[in-house]
Amino acid sequence: MDRSDIMRAVRSANTGPELALRRALHRRGFRYRICVAELPGKPDIVFPGRRAIVFVHGCFWHGHGCSRGARTPRTNVAYWTEKIRRNAARDNANQATLEALGWRVRVSWECDLKCVEKEANSVAGWLLAFDSGVS
């Protein structure tokens, strides 16, 4: 399997971390829409009634500051560095646009989802804070 085959196999939706978080939130009674293409950035999890969005980002692909996100590829370093920089800039622009449209936006990082239940509790608390008027 060469690099292009590997890259082609990388999923952009319904990733393992995303599925795990969605299942955990569903168990807690939250209902949502997924991969809403009409919204900027095609958010992973959308709670329309709460005007809230959760993006589930892979640490490497979106340039997170954790050890996995800070890894430098061994080959074609300039290309991957620029690619990840563009991904992060696009993420910031999408988040700003969504917030300007009245959406509340949260990012759940792949590394945070190593403990899915803890992250699901955190997201649930974030969502419920809107119901009580605390944000």
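Here, each number is a calculation from the coordinates, and none is a lab measurement. Please read these numbers as outputs of a predicted model, since none were measured by experiment.
Checking (1) 22; (2) 33; (3) 30 against percent of Cα pairs over 27 Å apart calculated from these atoms, the matching label is (1). When the helices of the chain are scored as -39500 (n - 2.57) per DSSP H run of n ≥ 4 and the total is divided over every residue, the value at 222 nm lands at -14500 deg cm²/dmol.
Rounded if a/c is under 1.5, else prolate if a/b beats b/c, else oblate: with a ≥ b ≥ c from the C-alpha gyration tensor eigenvalues square-rooted, which is the stretch 13-52? It would help to have the intermediate numbers written out before the result.
On the way: a/c = 3.03, a/b = 1.19, b/c = 2.54.
In terms of gyration-tensor shape, oblate.
Across the stretch 45-50, rounded Karplus estimates of 3J(HN,Hα) from the backbone phi angles (6.51 cos²θ - 1.76 cosθ + 1.60, θ = phi - 60°) give 9, 10, 10, x, x, 9 Hz, Gly and Pro being marked x.
Name the most mobile residue of Gly16, Gly29, Gly69, meaning the one with the largest mean-square fluctuation, in a Gaussian network model of the chain with Cα contacts below 10 Å. In the Gaussian network model the winner is Gly29. Backbone amide hydrogens, once placed in the peptide plane, bring Ala52 within less than 5 Å of Phe47, Arg104, excluding anything fewer than 5 places away on its chain.
Under the classification rounded if a/c is under 1.5, otherwise prolate if a/b is larger than b/c and oblate if not, where does the stretch 25-85 fall, given a ≥ b ≥ c as square roots of the Cα gyration tensor eigenvalues?
prolate
Note that the stretch 110-117 has calculated 3J(HN,Hα) couplings of 3, 5, 5, 8, 5, 10, 4, 4 Hz, one per residue in order, obtained from phi through the Karplus relation 6.51 cos²θ - 1.76 cosθ + 1.60 (θ = phi - 60°); glycine and proline are x. Anisotropy class assigned to the stretch 69-135 is oblate, per the alpha carbon gyration tensor with a/c at or over the 1.5 cut-off and a/b no larger than b/c. Distances between placed amide hydrogens fall under 5 Å for Ser108 paired with Phe55, Val56, His57, all partners being 5 or more residues away or on another chain. Applying the Karplus relation 6.51 cos²θ - 1.76 cosθ + 1.60 with θ = phi - 60° to the stretch 17-29 yields 3J(HN,Hα) values of x, 5, 4, 4, 5, 4, 4, 5, 5, 4, 4, 7, x Hz, where x marks Gly and Pro.
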